[in-house]
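Following: one structure in structure tokens, then a few remarks.
The values are calculated or read from the model by the stated rules, or taken from the named source; none is laboratory data. Remember, predicted model here, so these are calculated numbers, not experimental data. Here Cβ is always computed from backbone atoms with ideal geometry, including for glycine, and neighbour counts include all displayed protein chains. Calculation scope for accessible area: heavy atoms of the full protein, side chains included, ligands and nucleic acids excluded. Shrake-Rupley method; radii C 1.70, N 1.55, O 1.52, S 1.80 Å.
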Amino acid sequence: MPLQNEHEEVDVLIVGGGMVGLTIAAALGGAGLEVLVVDRSPPPHQTAPAFDGRASAIAYGSRLVLEGIGVWSRMAAEAEPILDIRVSDGDAPFFLHYDHRDLGEAPLGHMVENRVTRRALHDHVSELGTVRLRAPGSVTGFDRAGSRAHALLDDGTRVAASIVIAAEGKRSPTRTAAGIRVTEWTYPQTGIVCTVAHEEPHRGIAHERFLPAGPFAILPIVDADEPDADAAAAPDLPWRHRSSLVWTERNAIAPRILELERPAFDEELRRRFGDFLGAVRSVGPRWSYPLSVLIAERYVDHRLALIGDAAHAIHPIAGQGLNLGLRDVAALAEVLVDAARVGLDIGDLSVLERYQRWRRFDTMTLTMVTDGLNRLFSNDIAPVRLVRDLGLAAVNRMPPLKRLLMRHAMGTLGELPRLARGQPL
Amino acid sequence: MRTWDDGGGTTLDPEEARRFEALADEWWDPHGKFRPLHNFNPARLGYLRGRLVGHFGRDPLARRPLEGLRLVDLGCGGGLVAEPMARLGASVVGCDAVPANVGAAAAHAAQAGLEIDYRHCLAEDLVAAGESFDVVLALEVVEHVADVPLFLHACRRLLRPGGCLVVATINRTAKSLLLAKIGAEYVLGWLPRGTHDWRRFLRPSEIAAHLRREGLTVRDVTGVTYAPLTNEWRLSADTDVNYMLTATAG
């Protein structure tokens, strides 16, 4: 314990040092603002494979954001380009086919393991003189009423900042303490996430398959450097080709699947996965996440901005959660940096409301689209199935509509912040 | 009262002063009567920063690029421009003809921890007091003064050699009558009715002619236009409605 309580003066206090929190820290710190990030978990813990076994789709627009901030080069070697997305309805013959060549040369996006992104961000901000990280640490109290926001940390440190950014994820305590209400609904589904090893290379193709229990996504990630730990137990199955799996299952069944021993789990896996990549087996631990949608009634308050899942957590059906968060980063960073540049008070509501106006539409659209897709596809009623199969085939035959959907998924639609257009802040 | 060595005349329009007196509490309420001005502010601050950094050869990436410059904001209102200028490092004097504005501005700056010298006075009072500045700002004020040539003369008198004067106002065109007067006051309700008298608006050429007579060099005229789709103001080449003008002494 410090004998005398420390006092820190910064421009920005970021609560939550996950992927979105650290990205905005990097963006603002890179533009010369003084930033303090407070997170509950110590950094080495966050980049350990056991902390977060997920991989995320980094859309083209998100990659531009990470490039603009200077982080992408630290993760590019471990990013698998998505060259093709094949959407199919169970085993129906119709499928929707997104080929990156429909829109030009750039890949549709990249699959990156979250631990890779976290490590790149940690390395980057630790080299910025303007960003400091308090981890582990937490905020025990706020006073945002005056001309500066004041926060008390668990170690007794007092922090004064012009603005607090809550990037704590779906259950943001800062949002709750600010009295910002949320609209929330849950799906009777659980997302099971794990890595799989397969015999044949995936050739950069992502598969989204709509099974009766919900979407089943096979997402290409980079080959392992060497056979994984589980390969020792399966000497006849030593492959290094890997995909990340998001397997949506009914809540009633998910716990039982998660508890299965590996041979039985792999058997359930193969029934859904098929043999198009040869033989498959699961690798490493399994994670599960209850699926729900949450939208905050507003994204800003006096000297407070919500960002990422703290503002909106959407259904993972289209892999857009992190991408929405990174688009928040691009918009909020631009609003704050522009305001600071002309001498405005960056925590003033007149500044923050510009961020809210900017992000509202994009978020609401994606929430509704992903919710609708999930409701449409998570059932096995014959007429519904016929209609949606025809729908997928129809979308596939309408290049303009398909390009529009692809652009939204790539994050290149609408009035884009400078970072999301590949321009500097 | 002031002693003004240029003889009689005053820039104070008592009618205008009374109108603003009634609104003084609202300057800093982002949802209040001055909301359109808050919305307009980033564009004009961007212009000021760009022009001043360029003219004084300052580092465009610095957090406080105006450090060491003495600046006066004539008709400062609640300090919507004075505070950002102070944050950018300038040593700021704000003056306004309306006592309640000066009170509201001083209270807000104190709360924000900014040192700004607010005074209830007219431009000519500062001249009489022998004050001089590197930067003189006359933003959205010439359309409210009683005697424009006298006011611009006072602006020039306040300017140090090598100093920079920025005037922002509304052009007198058919478009400005439609947008800035009828549109803003009657259709959109952005401004209280009667805020502006269109006949008192000045064309850029008229301001420039006055300033040239005062021996200043006009360096730039830039328009500020509203984009309804994004609800934002941007700098542009279109000076038909709002515009900003920079002149320098020497």
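Scan the range B:96-110 and tell me whether some residue there is touching a residue at least 24 places away in the same chain (Cβ under 8 Å), open to solvent by 20 Å² or more (accessible area, probe 1.4 Å) and farther than 25 Å from B:Ala17 by Cα.
For the range B:96-110, residues touching a residue at least 24 places away in the same chain (Cβ under 8 Å), open to solvent by 20 Å² or more (accessible area, probe 1.4 Å) and farther than 25 Å from B:Ala17 by Cα: absent.
Give the number of residues within the range B:19-55 that are part of a helix (DSSP H, G or I), more than 15 Å from the chain's Cα centre (by Cα) and facing chain A (nearest Cβ under 9 Å).
Qualifying residue count for the region: 2.
Somewhere in the range A:134-142, is a residue open to solvent by 10 Å² or more (accessible area, probe 1.4 Å), free of Cβ contacts under 8 Å to residues at least 40 places away in the same chain, within 14 Å of another protein chain (Cβ to nearest Cβ) and of a type outside the set (A, V, I, L, M, F, W, C)?
Within the range A:134-142 (the criterion being open to solvent by 10 Å² or more (accessible area, probe 1.4 Å), free of Cβ contacts under 8 Å to residues at least 40 places away in the same chain, within 14 Å of another protein chain (Cβ to nearest Cβ) and of a type outside the set (A, V, I, L, M, F, W, C)), the answer is no, since none of the residues qualifies.
In the range A:143-177, how many residues are within 14 Å of chain B (Cβ to nearest Cβ) and within 23 Å of A:Pro43 (Cβ to Cβ)?
Summing the residues that are within 14 Å of chain B (Cβ to nearest Cβ) and within 23 Å of A:Pro43 (Cβ to Cβ) in the range A:143-177 gives 1.
Does any residue of the range A:242-258 turn out to be touching a Lys or Arg at 6+ places or on another chain (Cβ under 8 Å) and surrounded by fewer than 21 Cβ atoms within 10 Å (Cβ to Cβ)?
Checked against the condition, which is being touching a Lys or Arg at 6+ places or on another chain (Cβ under 8 Å) and surrounded by fewer than 21 Cβ atoms within 10 Å (Cβ to Cβ), the range A:242-258 yields at least one hit.
Within the group A:Asp309, A:Asp345, A:Asp362, which residue is at pLDDT 85 or above, touching a Gly at 6+ places or on another chain (Cβ under 9 Å) and either assigned to a helix (DSSP H, G or I) or within 12 Å of chain B (Cβ to nearest Cβ) (or both)? Working first, answer last.
Working: A:Asp345 fails: touching a Gly at 6+ places or on another chain (Cβ under 9 Å); A:Asp362 fails: at pLDDT 85 or above.
So the residue among A:Asp309, A:Asp345, A:Asp362 that is at pLDDT 85 or above, touching a Gly at 6+ places or on another chain (Cβ under 9 Å) and either assigned to a helix (DSSP H, G or I) or within 12 Å of chain B (Cβ to nearest Cβ) (or both) is A:Asp309.
Please go through the range B:217-235 and pick out each residue that is of a type outside the set (A, V, I, L, M) and modelled with pLDDT of 95 or more.
Within the range B:217-235, B:Thr217, B:Arg219, B:Asp220, B:Thr222, B:Gly223 qualify.
Identify all residues within the range B:219-239 that are within 22 Å of B:Lys175 (Cβ to Cβ) and away from every other protein chain (no Cβ under 14 Å); write none if there are none. Outline the logic, then answer.
Going through the range B:219-239, the residues within 22 Å of B:Lys175 (Cβ to Cβ) turn out to be B:220-239.
Residues satisfying the conditions are B:Asp220, B:Val221, B:Thr222, B:Gly223, B:Thr225, B:Tyr226, B:Ser236, B:Ala237, B:Asp238, B:Thr239.
Give the residues of the range A:331-342 that are among the charged types (D, E, K, R), at the interface with chain B (Cβ under 7 Å from one of its Cβ atoms) and surrounded by 20 or more Cβ atoms within 10 Å (Cβ to Cβ), sorted by residue number. Can you show your working first?
At the first step, the residues of the range A:331-342 found to be among the charged types (D, E, K, R) are A:334, A:338, A:341.
In the following step, the residues that additionally are at the interface with chain B (Cβ under 7 Å from one of its Cβ atoms) were identified as A:338, A:341.
The answer is A:Arg341, and nothing else.
Working carefully through the options A:Arg158, A:Arg203, A:Arg209, A:Arg171, find the one that is open to solvent by 20 Å² or more (accessible area, probe 1.4 Å), within 25 Å of the chain's Cα centre (by Cα) and within 30 Å of A:Gly141 (Cα to Cα).
Numbers: A:Arg158 fails: within 25 Å of the chain's Cα centre (by Cα); A:Arg203 fails: within 30 Å of A:Gly141 (Cα to Cα); A:Arg209 fails: within 30 Å of A:Gly141 (Cα to Cα).
Criteria check complete, one pass: A:Arg171.
Mind listing just one residue for me: the one in the range A:38-50 that is hydrophobic (A, V, I, L, M, F, W, C) and open to solvent by less than 70 Å² (accessible area, probe 1.4 Å) and, of those, nearest to A:Pro220 (Cα to Cα)? Please lay out each step first, then the result.
Residues of the range A:38-50 that are hydrophobic (A, V, I, L, M, F, W, C), as a first pass: A:38, A:48, A:50.
Then keep just the ones that are open to solvent by less than 70 Å² (accessible area, probe 1.4 Å); that gives A:38, A:48.
Working: A:Val38: 33, A:Ala48: 21 Å.
Among them, the one singled out is A:Ala48.
Determine which member of the set A:Gly53, A:Gly21, A:Gly61 is open to solvent by less than 20 Å² (accessible area, probe 1.4 Å), closer than 29 Å to A:Val222 by Cα, more than 14 Å from every other protein chain (Cβ to nearest Cβ) and part of a loop (DSSP other than H, G, I, E, B). Spell out the reasoning first.
Numbers: A:Gly21 fails: part of a loop (DSSP other than H, G, I, E, B); A:Gly61 fails: part of a loop (DSSP other than H, G, I, E, B).
Exactly one of A:Gly53, A:Gly21, A:Gly61 is open to solvent by less than 20 Å² (accessible area, probe 1.4 Å), closer than 29 Å to A:Val222 by Cα, more than 14 Å from every other protein chain (Cβ to nearest Cβ) and part of a loop (DSSP other than H, G, I, E, B), namely A:Gly53.
Do the conditions hold for A:Ala217, that is, is it part of a strand (DSSP E or B), open to solvent by less than 70 Å² (accessible area, probe 1.4 Å) and more than 18 Å from A:Arg286 (Cα to Cα)? Walk me through how you get there before you give the answer.
Details: part of a strand (DSSP E or B): yes; open to solvent by less than 70 Å² (accessible area, probe 1.4 Å): yes; more than 18 Å from A:Arg286 (Cα to Cα): no.
Against the criterion (part of a strand (DSSP E or B), open to solvent by less than 70 Å² (accessible area, probe 1.4 Å) and more than 18 Å from A:Arg286 (Cα to Cα)), A:Ala217 does not qualify.
May I ask you to list the residues in the range B:168-221 that are among the charged types (D, E, K, R) and in contact with an Asp or Glu (Cβ under 6 Å, 6 or more places away or on another chain)? Steps first, please.
First, pick out the residues of the range B:168-221 that are among the charged types (D, E, K, R): B:172, B:175, B:181, B:185, B:193, B:197, B:199-200, B:203, B:206, B:212-214, B:219-220.
B:Lys175, B:Arg193, B:Arg200, listed by residue number.
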